[in-house]
1. Return the residues of region 542-591 that are touching a strand residue (DSSP E or B) at 6+ places or on another chain (Cβ under 8 Å), without any contact (Cβ under 8 Å) to a residue 12 or more places away in the chain and assigned to a strand (DSSP E or B); say none if nothing qualifies.
2. Identify the single condition in (1) over 27 Å from residue 279 (Cα atoms); (2) open to solvent by less than 50 Å² (accessible area, probe 1.4 Å); (3) of a type outside the set (D, E, K, R) that residue 432 does not satisfy, given that it satisfies every other one.
3. Just to be sure before I move on: is residue 273 under 30 Å from residue 100 (Cα atoms) and surrounded by fewer than 22 Cβ atoms within 10 Å (Cβ to Cβ) in the structure I sent?
4. For residue 596, are the conditions met, namely being out of contact with any Phe, Trp or Tyr (no Cβ under 7 Å at 6 or more places or on another chain), surrounded by 12 or more Cβ atoms within 10 Å (Cβ to Cβ), free of Cβ contacts under 8 Å to residues at least 40 places away in the same chain and aromatic (Phe, Trp, Tyr)?
5. For a quick check of your reading of the model, give me the residue pairs whose first member lies in region 229-252 and is more than 16 Å from residue 207 (Cβ to Cβ), whose second is crowded, with 20+ Cβ neighbours inside 10 Å and of a type in the set (Gly, Ala, Ser), with beta-carbon atoms closer than 8 Å and at least 6 apart or on different chains.
6. Condition first: closer than 20 Å to residue 143 by Cα, of a type outside the set (Ser, Thr, Tyr) and either in a loop (DSSP other than H, G, I, E, B) or open to solvent by 10 Å² or more (accessible area, probe 1.4 Å) (or both). Now tell me which residues in region 383-404 satisfy that.
7. Among the listed residues 297, 250, which satisfies the condition of being buried (at least 20 other Cβ atoms within 10 Å of the Cβ) and within 25 Å of residue 179 (Cβ to Cβ)?
Amino acid sequence: MLELAGIIILGILAQWVAWKFKIPAILPLILIGLLVGPIAATYLTDDGSKWIEPIWNGKKGLFPGEGLYYFVSLAISIILFEGGLTLKRDEIKNVGPVITKLITLGSTVTFFAAGLASHFIFNLSWELSFLFSALIIVTGPTVITPILRNIPLKRDVSTVLKWEGILIDPIGALVAVLVFEFISVGGGGGFTKTALMEFGKIILFGTTFGFTFAHALAYLINKKMIPHYLLNVVSLSVVLLVFVESEIFAHESGLLAVVVMGMVLGNSKINNLKELLYFKESLSVLLISILFILLSANINMSDLQLLFTWKTAALFALVVFVIRPLAVFLSAYKSNLKLNEKLFISWVGPRGIVAAGIASLFGSKLIRQGVEGAEYITPLVFMIVLGTVLLNATTARLFAKLVKVFLQTSNSILIVGASSASRFIASYLQEHGKRVVLIDTNKNYIEKAIESNLEAINLDVYENDLSDNIELNDVGYLLAMTGSESVNKHVYNNLSSTFGEHGSYRLPSSQELTENVENDEVFLTPKDDYINLSEAYRDNPEIYEVEVTSEKDYEDKLTKIFSEIKSIPLFVKNGVDIYLIPEFESSGKPKENCKFVYLGKEIKF
């Protein structure tokens, strides 16, 4: 009981440490596992016992017999199902040619090059060499996002790294599963006709079970045949059912079945998909926390000693400094990415949780099958995972500055609220060289914004942690422009520290205008609320610019614009720079030789 409680507590503590210090969670999880496992057994205990012993040894341990193997199999199946849910066909179509090539051509280059390297360096069989290379294809969002979260990068660079991690996670897992199954059916006698038929059986049953049960579950959800409070647990039980049933009909086909099921379900039009994703994500966090402490603790010092050789350093160097850059440069050939951007993408390629988890599972399976050289799989993959995460977590920021992809200033604008007036103002700013991102819960508003070639995201600021969105790293201005007073105040109070480096502004409420309520918050315009803004745009959807020649002229014209009911002052244009009026007035710049920008009825000065 103490060991099981300790694993959960340590796992969640590791997740908190990762969040607090903005590092990939896999790093503290594996380090804690190594500490309570092989390190404790070697250096910290008198009798050579581990603090946490995953496998039953007659006296202590959590899993008797093959219990650990079964637990890891089921946990990995749930994690892979959650990964499959996130892979959308539309996203692959829209991410651009560089990302598409990275997850296809780049993965192929990594697969064959790393396979060749591990075969000739460690003298592994071809089968094990390509299993190793399949496992290290995967990067994953859980390791990329924390590394990039606090590095303001050029948008093209952050977009490529983000989408590569998201899309390659389930794809890489699928490749690793197929390679492992190919090895398993081959056995020790080579790939005979019987073995190839068994492999075909695995593919057939895995895809059939995954496809069939995904459509069945989608049907039940859409027909509301599952009560809402049972939706998540029923979905979980169906995933486990698919895994087990597929294994019964074709041994080793279960992981393929759950990946296919997740992909099909994630691309189906079903209700409550977002809620299902949230549940599976939370469950995956818990399982990953337990899993990686267990797997790391289960490693013996003899396994780690296999890596204490020049061969390990040579393989790591080839993977990081040769194979990754080769895959990136081939994928980005004739793209719009510049040399320095390609170099940074080549540098940042940490391997993720899926790679380490599947490696432990497959490594233990192959060892049990008596496959020669299988003892190298788990420690080699763990070495690549830990090495790349440590390297990128400690050097990514410095390397970004060296190759000059680090943004010195954050001048993009985040507008919360994508109403007609907000979209009109965003279009003006975009036409004048500003990057603007709109956020709203109204899907119709977001669709209209996208049709107008504006960047727009459909999400709820109460439910989503925008700090995880690395594509917003260059945002320095925050404008809360919704019709809800509570939403505007929530945005101002909770997002200003993240996105308001140069200023946060919101629309005042009607009560604040009528009662002249004083507070420390900065209003977008002190005399106009959402209703005034909307009516001004509805009656006169035009933006005008008027010259300001002197400080007195500035004050007179600003007063004149404020006095007009249907005209709303927005910005001060000073040369090529555009400022919000409160920002301009606090900047100390001379109030002359500039222009007022206002929305609504044209004023005769």
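1. 579, the sole residue that qualifies.
2. (2)
3. Criteria met by residue 273.
4. No.
5. Final answer for the pair search is 240/77; 244/254.
6. 383, 386, 387, 390, 391, 393, 397, 398, 399
7. Of 297, 250, the one residue that is buried (at least 20 other Cβ atoms within 10 Å of the Cβ) and within 25 Å of residue 179 (Cβ to Cβ) is 250.
Each row is one residue, and each column tells you yes or no for (1) modelled with pLDDT of 85 or more; (2) aromatic (Phe, Trp, Tyr); (3) under 25 Å from residue 361 (Cβ atoms).
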site: 193; (1), (2), (3): no, no, no
site: 206; (1), (2), (3): yes, no, yes
site: 218; (1), (2), (3): yes, no, no
site: 233; (1), (2), (3): yes, no, yes
site: 243; (1), (2), (3): yes, yes, yes
site: 248; (1), (2), (3): yes, no, yes
site: 259; (1), (2), (3): no, no, yes
site: 266; (1), (2), (3): no, no, yes
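The values are calculated or read from the model by the stated rules, or taken from the named source; none is laboratory data. These numbers were taken from a predicted model, which means no experiment stands behind them. Backbone-built Cβ (ideal geometry, glycine too); neighbour counts: all protein chains shown. For the accessible areas, the whole protein counts, side chains as well, though only heavy atoms, and no ligand, DNA or RNA atoms are used. Shrake-Rupley method; radii C 1.70, N 1.55, O 1.52, S 1.80 Å.
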